[in-house]
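The values are calculated or read from the model by the stated rules, or taken from the named source; none is laboratory data. All values derive from a computational prediction rather than experimental measurement. In this analysis, Cβ positions are derived from the backbone assuming ideal geometry, glycine residues included, and neighbour counts consider all displayed protein chains.
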């Protein structure tokens, strides 16, 4: 067996190299994340290694010859008939029910009539249908395609995704294609339904529009984006980063400090409450020395108040908190005692995009005690889809502030915008 090891700066890229050389069905034997060592290891991205082998050849199977006289067009029609069959069955049941009610006959049930007609549920073998019923379904399908063109094809295909085909009536082929991309990214049925409403009520401004522009417009209408921080004139803006362990709060704090001190020229100070994690204080102190900005270490609410007071001449004060499991109620309550009314601060919740939908909702539910004002999503570079992120932002109606795309400080952080979010969904290179 040919076994090869591929390495890259990110796991998705390493997997892409595997598929490119060994094929999409390659067997993954092992994965490994290695951190570079040395004095500058904090600023170096880890290396991801994937060991893989080509997929074994498939066993020989007997294939039936195609039915005589069947054309490629008929094969295509048959592949699209199954999703349509359920709708036909529902219509027939309604007609039968009305007929019985009108005529007072009950000698035959709707289910029996449907069985006689041979109407099948989605996914059933169409070969068992009678010729007349099959031709009737083909006729309905052709009428749909002639009436709606490509959008009719999309509607038939979408009828198996949980979204009723009727909901998609009136959408263009481009919008249907866009919705399929969102579906592949893991958007929930509720999220897709809300986006469909926007697509139907807000037709594109231009006839030839790009998918990126269309999706960016949808996001700008449906999601909240907070944009860059605006500094105050007479007092510092105070931002505390909270979140579960392992989401990268300390690195994100350093990235924000670099963004506003080095790139924008603001006077920034750092405060850390993370005295529990080994090396956390030293890590932030290392960043502060490199950027030439002060850093304070606090362990009580009183010390936090004094530290904030000592940095009152700054434009921005960033507070790094200790990572806490959303299930540890005691530790969360203890940390909540630092957030008093004496300090006018905003709280940003850091979440990893690699977290599942249900867990993201549970984390947010537990951290709402901190009066969350904005969301930061981390580890964008480690995820292949972003539906969970969009689902949460739309459901909770919280502003999207920043996202991080790697370990580098200060490069791997960006202000969240509708256009950049569209880029990520469509796998396009940044335009801004």
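Identify, by number, the condition in (1) surrounded by 14 or more Cβ atoms within 10 Å (Cβ to Cβ); (2) at positive phi that residue 281 doesn't meet. Every condition holds for residue 281 apart from (2).
Would you point out which residue out of 328, 357, 371 is touching a residue at least 40 places away in the same chain (Cβ under 8 Å) and either loosely packed, with under 14 Cβ neighbours inside 10 Å or closer than 26 Å to residue 382 by Cβ (or both)?
Values: 328 fails: touching a residue at least 40 places away in the same chain (Cβ under 8 Å); 371 fails: touching a residue at least 40 places away in the same chain (Cβ under 8 Å).
The unique qualifying residue is 357.
Here the condition is being assigned by TED's automatic domain parsing to the domain that holds residue 335, buried (at least 21 other Cβ atoms within 10 Å of the Cβ) and assigned to a helix (DSSP H, G or I); of 364, 392, it holds for 392 alone. Among the residues of the range 408-417, at least one is part of a loop (DSSP other than H, G, I, E, B), closer than 18 Å to residue 247 by Cβ and modelled with pLDDT of 95 or more.
Condition check ((1) at pLDDT 95 or above; (2) crowded, with 18+ Cβ neighbours inside 10 Å; (3) over 30 Å from residue 386 (Cα atoms)) across all residues:
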residue	(1), (2), (3)
209	no, no, no
215	no, yes, no
230	no, no, no
254	no, yes, no
258	no, yes, no
264	no, no, no
295	no, yes, yes
